[in-house]
Amino acid sequence: MLKRVGIWSESDPDRIAELRAKQRSEDQELKELQSQVKKTLTPQSLLDLNTASKKELQSIKGIGPVLAERIIAGRPYRTVDDLINVKGISPKKLESIRPYFIVGKK
């Protein structure tokens, strides 16, 4: 067996494996919770395009951090259809996200 040196001479390989397995389990649980949170935003809880935060925009399936920033940079919007002018929003994507947005009063 190889001699461990430095910090590794003090480490416990079995404990490291145990902690890594626990971390993987927690990572999977977090991923599942994040997925559930994204599903909780429904068309009944509409977001105003002109006031929604980056985090709120990202809660919509298909909108990541870059697209959320582009949406924010394109404000103000007069209609939801104005999103077609945002780079990265195709007609197909607009149709899929349109039900989640309004412009102005709810």
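Take residue 50 and residue 30, extend 7 Å from each Cα along the Cα→Cβ direction, and tell me the distance between the two endpoints in nm.
The answer from the label model is 3.7 nm.
For the residue pair residue 61 and residue 23, what label-to-label distance in nm results when each label sits 7 Å from Cα along the Cα-to-beta-carbon direction?
My value for the distance between the label points is 3.1 nm.
Normalised by the number of residues in the chain, what is the relative contact order in percent for Cα pairs under 8 Å and 6+ residues apart?
Working: 80 pairs, mean separation 29.9, N = 106.
The value is 28 percent.
Would you count, across the chain, every pair of lysines whose alpha carbons are under 18 angstrom apart, provided the pair is eight or more residues apart or spans two chains?
So the count works out to 17.
Dividing the convex hull volume of the alpha carbon atoms of the chain by its residue count, what do you get in Å³ per residue? Provide the component values of the computation, followed by the final result.
On the way: hull volume 17.2 nm³, N = 106.
Hull volume normalised by residue count: 163 Å³.
No lab work stands behind these numbers, since they all come straight from the coordinates. Quantities reported herein were computed from a predicted structural model and do not represent experimental measurements. So basically every Cβ, Gly included, is an ideal-geometry build from the backbone, and we count neighbours across all protein chains shown.
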